[in-house]
Amino acid sequence: MSVLVNKDSKVIVQGFTGSEGSFHAQQMIEYGTNVVGGVTPGKGGSTHLDRPVFNTVAEAVEKAGANVSIIFVPPAFAADAIMEAADAGIEVIVAITEGIPVKDMVAAKNYIKNKNVTLIGPNCPGVITPGEAKVGIMPGFVFKPGRIGIVSKSGTLTYEAADQIVKAGLGISTAIGIGGDPIIGTPTKNAVELLMEDPETDAIVMIGEIGGNYEAVAAEYIRSTGNKKPVVGFIAGQTAPAGRRMGHAGAIIGGADDTAAAKMRIMRENGIHVVDSPAEIGETMVRVLRGEAASA
């Protein structure tokens, strides 16, 4: 079992024939992901990257059996693309697009909430189950198969954590880049829960950043499980000034509990092994698995 995507996932690319969609679809195909086609309205019936192009997601589901979609649609149309995929019965939607208007995402999230769909993103690097499927923009060579799960708000720190874990002699079960926008489909807690319930994941790396309360909610959930799997945590933005957005649209300190220091304290209080630098993730995970690392 793997989380969200695996070798049997049938992936389509929305925005397939655009420059971003083409580039990353080619990368996913070369990685071995089962990309069964793509969607570009008006270009249905043609082929691209030796895969069929469909006019609609519903057509891709009907003719290619698609059950996972990755979205490279421009911001103004991306929320509509999310809703179209959910309507068509896609089970996992990965929205890579950055800059989707907040009001559009509020509408899209509300629209899909009662549908049997998991939305990852937007403004995220995607999801990878190493050796099986890469549904995203991450450099696949960094990720080696193993039993450590990763949940991260940051794309580059997802890659850094994976590199640390692999260099420490471990590997990755599934890495989930949840995205850094204020409105995302799968908050930290929900993504951590997927890995907590995955029998092939032994421990988790949880990477957060300033702004919002996702990490605090996840930390309380982790404690509620009895800390059944060890979690190593890191918070980005430790030197960020209050009130200034840092990179991600959701990374802005709005209150006392939004700071990196407050989040790190809350995480430690809930039994998470917090590191001060991402360079310490791999070695800390090794010590945790040996039973040597403390959570404070």
Filter result for the condition that a residue is in contact with a helix residue (DSSP H, G or I) (Cβ under 6 Å, 6 or more places away or on another chain) and surrounded by fewer than 22 Cβ atoms within 10 Å (Cβ to Cβ), over 148, 137, 172, 178: 137
Set 37, 15, 45: member being buried (at least 19 other Cβ atoms within 10 Å of the Cβ) and either in contact with a Pro (Cβ under 7 Å, 6 or more places away or on another chain) or more than 28 Å from residue 183 (Cα to Cα) (or both): 37
Failed condition for residue 62, given (1) surrounded by 15 or more Cβ atoms within 10 Å (Cβ to Cβ); (2) assigned to a helix (DSSP H, G or I); (3) of a type outside the set (A, V, I, L, M): (1)
Verdict on residue 92 being surrounded by 18 or more Cβ atoms within 10 Å (Cβ to Cβ) and outside the structural domain of residue 57 (by TED's automatic domain parsing): no
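If you go through region 256-267 one residue at a time, how many are more than 23 Å from the chain's Cα centre (by Cα) and at pLDDT 90 or above?
3
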Filter pass, residue 103 being among the basic types (Lys, Arg), surrounded by fewer than 16 Cβ atoms within 10 Å (Cβ to Cβ), without any contact (Cβ under 8 Å) to a residue 12 or more places away in the chain and not in a strand (DSSP E or B): yes
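The values are calculated or read from the model by the stated rules, or taken from the named source; none is laboratory data. Because the structure is a prediction, the values reported are computed rather than measured. Heads up, the Cβs are rebuilt from the backbone with ideal geometry, glycines too, and the neighbour counts pull from every protein chain shown.
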